[in-house]
Each structure stands twice: as structure tokens, then as C-alpha cells.
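Student: The following block contains the structure, expressed as C-alpha cells.
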Amino acid sequence: MNLDWKNLGFNILKTDYNVRCVFKDGKWGELEVSSEEYLPIHIGATCLHYGQESFEGLKAFSGQDGQTRLFRHEENARRMIKSAQGILLAEVPVELFMEAVEKVVVLNKHFVPPYGTGASLYIRPLLIGTGPEVGVRAAKEYTFLIFVMPVGPYFKTGFKPVDMLICRDHDRAAPLGTGHLKVGGNYAASMGSILEAHNKGYASVVYLDAREKKYIDECGPANFFGIKNNTYVTPKSHSILPSITNRSLQDLALSMGMKVEVRPVELEELATFEEVGACGTAAVITPIGKVVDEEKNITYSFGDGIDPGPVTTKLYETLVGIQNGDQDDSFGWTKILD
Ligand SMILES: Cc1ncc(COP(=O)(O)O)c(C=O)c1O
């Protein structure tokens, strides 16, 4: 495959195959391979009208040994089940999800970016209500599919500090809403505020808790973390997505002899952190140089704004090292595909 691997963005790129499976009459059918990018569905499908859909995002990496590694795909399977339970989708069994991920990556193996390019294969599972309903109720038919594409860094700067804008005039999710699930409605609700931040020159937004605007929730499509006094601190909130990357970083921080605190984090506490960052499959670890609260006229700055801090750097190198096989995977997070 002849692609400009080092300059890939985070964009749709056609690959050879996707895999699909239909839930009908109360059971899942066969996993099918398709090279078609389109999906014919009924115009009354519940995913189109009522947002009855969930998606996932995970990655495969090439190692120096030429092998392809998947990172924690069982966790994505489990999270998709939680999303399905939250909005009444048919649940995709963990085994089916994992089989489908492994199959679609193997089928598109020559799209897995080579080791050392900084790129990876992004895997996008999608579960949608395809049965028609005109009343607000769950569909009887569902489609589960996965497509893949090689991607570069989500934030164009890569592993360099970015600036973030505090969002005070939108919420991506209600206090008792669906923010903890990976469902499309949360992302539709976030688009306006993210665009506004981009237009003002920020990489993304920092959402505050919807009830009081007192605590930090998360950063656009990534969780927030802060480092101080040898402690990794990350918000606890019902309206943020439980990030698999964040959980992995917590384990890594503990293994490095740090403390970990998962608790409500007040916005004002930002002033006390030595380093802060955003983390997620797409964002990997994106260091944050500045968080700007325009309404209150406060700017929180971290480090020199040019280089990532030492703890963030160590966490990043360890995570990426495990993902591409440079570091020992003592947690058993990766699966090598044949
Ligand atoms: C809103 C949101 N928060 C956090 C994350 C990070 O989660 P993960 O590390 O599992 O990719 C994502 C991406 O999946 C996201 O969309």
C-alpha cells in the first residue's frame, strides 16, 4: 500500500472491506464481508429518526516485528453492550464483537500503517436500529458493522500542547442523560461548541458539569486528567464517557509509583495542576498548554506551552510503547493478530 503514512489526518479513507451482521427475529445472523461503502436501510429506521445508534473507536498498530496488535478490544465490546442497554439496542455479544474486529483488521491488513510512522488503523464499530418505527420505541431489527481506515493524530499538532476553551453555553449531555454512553446524540450535541472553539483557534472545548458548571467533565472527544504531587487526577462524573485510554493510564500511573484519584475536579483546581492533558483512542494523550475561561477572563497555563511535561511524556511513551510492542505488555492489553 502506497500512502503518505506520516501525513495522514483523522479522515475517512476508503479501505477494501467492512464486516456486517444483522439482528432479526431475535437473533444475530452470519458475519458478512462487504466491499460496499453504502448501506441500504428503510427510511423509517430508528437510527435515522430517534438516534438509536451506538459506535465505538479503537485502533490496531504495527510493531517493529511487523506484527499487528489490537489494543483492549474486549473493553470496547463491553462498553458497546452498556451503550446498547442504555438506549435499548440489541446487544452485540462480546465474542461476536471481537471476532468482527479481528476479521476486519486481517482483511485490511495492508492498510495498517507501518511501524514508526506515528499512524495507526482506526477501527469504527457501529450498531444501529435499522428496523422501521414511527412511534418512539426501539427497533426490532439492527445492523452491526465495522469499517476501518488508517489515521494520523486527531489533533493536528500530535504530541504537542494544545489550547482548550471552557464551554459555558452548551452541554453535551444532561446530568442524568446519556453522556456515559457512546451514542450519537451526545456527539451531535457537541458539534456546535467544538466548531465555535475551532473558529476561535482552540483545539477543542472543556465541558463543565451540566448541573452547576462547577466541575470539569471532559475535553471534546477525550477525557481530562491532571498531574500534581505525584498524583494522577481525573474527573468522576455520570456524564462523561468512561475512557479505556484513561483507565489504562491510571494503571500505568500506579505502576510508576504514582497515586490515582478519580473524583469530582473543580474548575478552580486547574490552577494547582503541574501538567494537564486529554486522553482517548483518537487523542492518545494530547498535552494541554492553556485552558481559557473567556467568560471569567481567566487563563490557566501549564508548562512552557511548547513541550509536554515529564509525567505526561512518560505516560505517553509507555502507552504507545505497549500499543506498538516496543514495551513489555505486562497488563496483557494487546492481542497479536496472525
Ligand atoms: C466523549 C469521549 N470521551 C472520551 C473518549 C475516550 O475514550 P477511549 O479512551 O475509550 O477512546 C472518547 C473516545 O472514544 C469520547 O468520544
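The values are calculated or read from the model by the stated rules, or taken from the named source; none is laboratory data. Remember, it's a predicted structure, so these values are computed and weren't measured experimentally. Heads up, the Cβs are rebuilt from the backbone with ideal geometry, glycines too, and the neighbour counts pull from every protein chain shown. Quick note on the areas: whole protein, heavy atoms, side chains included, nothing else; ligands and nucleic acids left out. Shrake-Rupley method; radii C 1.70, N 1.55, O 1.52, S 1.80 Å.
Student: Go through the range 107-128 residue by residue and tally those that are open to solvent by 10 Å² or more (accessible area, probe 1.4 Å) and under 17 Å from Y142 (Cβ atoms).
Tutor: 3
Student: Right, another one. Go through the range 244-285 residue by residue and tally those that are among the polar types (S, T, N, Q), within 11 Å of the ligand (Cβ to nearest atom) and touching a strand residue (DSSP E or B) at 6+ places or on another chain (Cβ under 7 Å).
Tutor: Number of matching residues: 3.
Student: A follow-up question, please. Has the range 155-170 got at least one residue that is modelled with pLDDT under 95, within 12 Å of the ligand (Cβ to nearest atom), in a loop (DSSP other than H, G, I, E, B) and not polar (S, T, N, Q)?
Tutor: No, every residue in the range 155-170 fails to be modelled with pLDDT under 95, within 12 Å of the ligand (Cβ to nearest atom), in a loop (DSSP other than H, G, I, E, B) and not polar (S, T, N, Q).
Student: When the range 292-338 is examined, which residues are found to be of a type in the set (A, V, I, L, M, F, W, C), over 26 Å from L121 (Cβ atoms) and in contact with a Leu (Cβ under 6 Å, 6 or more places away or on another chain)?
Tutor: V292
Student: In contact with a Pro (Cβ under 7 Å, 6 or more places away or on another chain), at pLDDT 95 or above, within 22 Å of V292 (Cα to Cα) and not in a loop (DSSP other than H, G, I, E, B) - does that describe any residue in the range 220-231?
Tutor: Yes, the range 220-231 contains a residue that is in contact with a Pro (Cβ under 7 Å, 6 or more places away or on another chain), at pLDDT 95 or above, within 22 Å of V292 (Cα to Cα) and not in a loop (DSSP other than H, G, I, E, B).
Student: Do any residues in the range 19-37 that are touching a residue at least 40 places away in the same chain (Cβ under 8 Å) have Cβ atoms under 6 Å from those of residues that are open to solvent by 100 Å² or more (accessible area, probe 1.4 Å), where the two are at least six apart or on different chains, and which pairs are they?
Tutor: The qualifying pairs are R20/E32.
Student: Exactly one of these conditions fails for I306: (1) among the β-branched types (V, I, T); (2) modelled with pLDDT under 95; (3) under 30 Å from I81 (Cα atoms). Give me its number.
Tutor: Evaluating I306 over (1) among the β-branched types (V, I, T); (2) modelled with pLDDT under 95; (3) under 30 Å from I81 (Cα atoms) leaves (3) as the failure.
Student: Then there is this: For the range 85-106, which residues satisfy the criterion of being exposed (fewer than 15 other Cβ atoms within 10 Å of the Cβ) and over 19 Å from D16 (Cα atoms)?
Tutor: Q85, L88, P93, E95
Student: Okay, next question. Can you name the residue in the range 239-258 that is in a helix (DSSP H, G or I) and hydrophobic (A, V, I, L, M, F, W, C) and is also most open to solvent (accessible area, probe 1.4 Å) among such residues?
Tutor: Here the residue is L254.
Student: Given the criterion open to solvent by 40 Å² or more (accessible area, probe 1.4 Å) and either part of a helix (DSSP H, G or I) or of a type in the set (G, A, S) (or both), identify the matching residue among E268, E295, E261.
Tutor: Exactly one residue qualifies, and that residue is E268.
Student: In the list K296, K259, which residue meets the criterion of being over 22 Å from R168 (Cα atoms) and of a type in the set (K, R)?
Tutor: Sole residue among the options that is over 22 Å from R168 (Cα atoms) and of a type in the set (K, R): K259.
Student: Whether any residue in the range 184-202 is surrounded by 15 or more Cβ atoms within 10 Å (Cβ to Cβ), within 14 Å of the ligand (Cβ to nearest atom) and part of a strand (DSSP E or B) is what I want to check.
Tutor: There is no residue in the range 184-202 that is surrounded by 15 or more Cβ atoms within 10 Å (Cβ to Cβ), within 14 Å of the ligand (Cβ to nearest atom) and part of a strand (DSSP E or B).
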